[in-house]
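Just so you know, all these numbers are worked out from the coordinates, no wet-lab data involved. Just so it is clear, the structure is predicted and the values come from calculations on it, not from any experiment. Cβ sites come from the backbone with ideal geometry, for glycine too, and all protein chains shown count toward neighbours.
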Amino acid sequence: MAEHPAYPVGLRLTGRRVVVLGGGQVAQRRLPALIAAGADIHLVSPEATPSVEAMAEAGEITWHRRPYTEGDLATAWYALIATSDTEANTRASAEAEAHRVWCVRSDDADAATAWTPATGTSEGVTVAVLTTEARGRDPRHTAAIRDAVVEGLRDGTLVAPHHRTRTPGVALVGGGPGDPDLITVRGRRLLAEADVVIADRLGPRDLLAELPPHVEVIDAAKIPYGRFMAQEAINNALVEHAKQGRSVVRLKGGDPYVFGRGMEELHALAEAGIPCTVVPGISSSISVPGAAGIPVTHRGVAHEFTVVSGHVAPDDERSLVDWPSLAKLTGTLVVLMGVDKIGRIAETLVANGKSPDTPVALVQEGTTAAQRRVDATLATVAETAAAQGVKPPAVIVIGEVVAVGPRGTA
């Protein structure tokens, strides 16, 4: 047997009797996958770990609170032998052999008729890795290979082409604050599988360089006071490319629903009958202050934080922000898209009761290599921002939390 490798196969255990001998750590690790497979699981063990006991109490397994006895494996399809009694394990293994039951032994793999592979899943694909006899069956090596493959599938660095027709549609993907490593695993995978990417300027630009040559990248950048692609044109592009049967990713900075017009795009797709997936992203309103050493909440300092858009001034009739009420809050105020309006914002807050000495931090290009932090107060922020040449994109943090963290983390 040692001269031949194991033959890999996937067992379909739904509704079929599976016997597990032993309720210790090995069973605790293996039972969830057997439960997920829909097996009729019978645990034979006098004792069990709290986690295994909880599975029995939840009705996920049937627990026979006794040691192994002859006949326990007679009608099983599959057995996992994992007791601390070597003699009982040997007898159970012999019974499994006699009844032609595939059997895994945790204490002696050479005496088993089946081995448990290192497994992982990613979007409906199960990866199972078995190390051959020739390599000595090193479990850590096997697990490392499994982890590398699964991680590659999840983050999009390992891409297998689809040879069957995929359902066309659009994914609204939040790319995070700018650092390409801060996009979600699901977002990165969908980006790697896309045929078309419609990207904002604030999306993680470095990820676009990793796309295969056949992927069409459309620049939907809304550059302040410069060229821009009207929202209606973006909506039309999403619909048109999806109707052509292509997989489309709308790559945005931050989160699609935090000042990202994601719902407008979702409505346009719904009206056109286009399926849409929304992938949340890490919002710059939290991540950028954190990257600059500023917690938006801190015990004894701020018990709440408020995120507002500063793209229109407080005295602009289009503003929906209740600035007088914000001035009365004691927590943290985070302003997005407000660099050129910060002077009037500061004046309004002070005029409505906020102390002019309230600390303010402007964090430009947060989480990227170009990140920089400029500190001021409400009384000085307009002058300081102009003198320091602060440009968008920048996140503005107003409140005592600005002074909490070590300044050197900026």
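Annotations
- Dipole check for the chain: with +1 at the C-beta of Lys and Arg, -1 at the C-beta of Asp and Glu, and the Cα centre as origin, the magnitude is about 400 Debye.
- Straight-line cross-link partners of Lys354 among the lysines, defined as a Cα under 27 Å from its Cα and at least 8 positions apart when in the same chain: Lys328, Lys341, Lys391.
- If you take all other residues with their beta carbon under 10 Å from the beta carbon of Pro180, and give Lys and Arg +1 and Asp and Glu -1, the sum is -2.
- Nonlocal amide H pairs with Tyr78, under 5 Å, H built at 1.01 Å: Val19
- With K and R counted +1 and D and E -1, the other residues having a Cβ less than 13 Å from that of Val390 yield a net charge of 0.
- Shape descriptor for region 169-282: Rg over Rh equals 0.92 (Cα atoms; Rh from the Kirkwood inverse mean 1/r).
- In plain terms, the residue of Asp108, Asp340 with the fewest other Cβ atoms within 10 Å comes first and the most crowded comes last, giving Asp108, Asp340.
- Likely footprinting exposure, Glu271, Glu95, Glu347, Glu240, fewest C-beta neighbours within 10 Å first: Glu271, Glu240, Glu347, Glu95
- Cβ-based exposure ranking for Leu362, Leu320, in which fewest neighbours within 10 Å come first: Leu320, Leu362
- The gain in end-to-end length when the Ala36 to Arg100 segment is fully stretched comes to 20.6 nm, 0.36 nm per residue minus the alpha carbon separation.
- The Rg/Rh ratio of region 17-116, with both radii computed over alpha carbons and Rh defined as the Kirkwood radius, is 0.92.
- Scaled against 2.2 N^0.38 Å for its residue count N, the alpha carbon radius of gyration of the chain is 1.34.
- Distance-filtered residues of region 205-220 - backbone nitrogen under 18 Å, label point 7 angstrom along Ala272 Cα→Cβ: 216-220
- In this calculation the C-beta distance from Thr49 to Ala128 is compared with R0 = 22 Å, giving a FRET efficiency of 0.30.
- Amide N proximity, region 337-371 versus Asp315 label position 7 Å along Cα-to-Cβ, cut-off under 14 Å: 341-352
- Charge dipole (debye, nearest 20) of region 303-410; +1 at Cβ of Lys and Arg, -1 at Cβ of Asp and Glu: 260 debye
- Solvent-free Debye scattering, log10 I(q)/I(0), computed from the Cα coordinates of region 285-409 at q = 0.09, 0.14 Å⁻¹: -0.21, -0.52
- Spin-label pair Arg299-His4: with each label point 7 Å from Cα along the Cα-Cβ axis, the two points sit 6.3 nm from one another.
- The phi-based Karplus calculation (6.51 cos²θ - 1.76 cosθ + 1.60; θ = phi - 60°) puts the 3J(HN,Hα) values of region 175-180 at x, x, x, x, 5, x Hz, whole numbers, x for Gly and Pro.
- Two-site FRET efficiency, Asp357 against Arg201, from Cβ-Cβ distance with R₀ of 60 Å, rounded to 0.05: 0.95
- Separation of the Thr380 and Asp147 label points, Cα + 7 Å toward Cβ, nm: 4.8 nm
- Once you reduce region 304-368 and region 27-49 to the center of their Cα atoms, the two points are 55 Å from each other.
- Sites Ala74 and Thr157 - FRET efficiency at Förster radius 30 Å, r taken between beta-carbons, to 0.05: 0.05
- Taking 0.36 nm per residue of separation and subtracting the current Cα-Cα distance, fully stretching the chain between Glu216 and Arg91 would add 38.7 nm.
- Summed residue charge, Cβ within 11 Å of Thr332's Cβ, Lys/Arg positive, Asp/Glu negative: -2
- By the rule of a C-alpha distance below 14 Å, with chain neighbours fewer than 8 residues away ignored, the aspartates and glutamates paired with Lys252 are Asp179, Asp200, Asp206, Asp219, Glu264, Glu265.
- Farthest toward the positive end of the dipole of region 305-410, out of Pro324, Thr384, Gly343, is the Cα of Thr384, where the dipole comes from beta carbon charges about the Cα centre.
- Region 17-116 - percent relative contact order, Cα under 8 Å, separation 6 or more: 27 percent
- Lys/Arg +1, Asp/Glu -1 at C-beta; the chain dipole; positive extreme among Val101, Thr86, Val258: Val258
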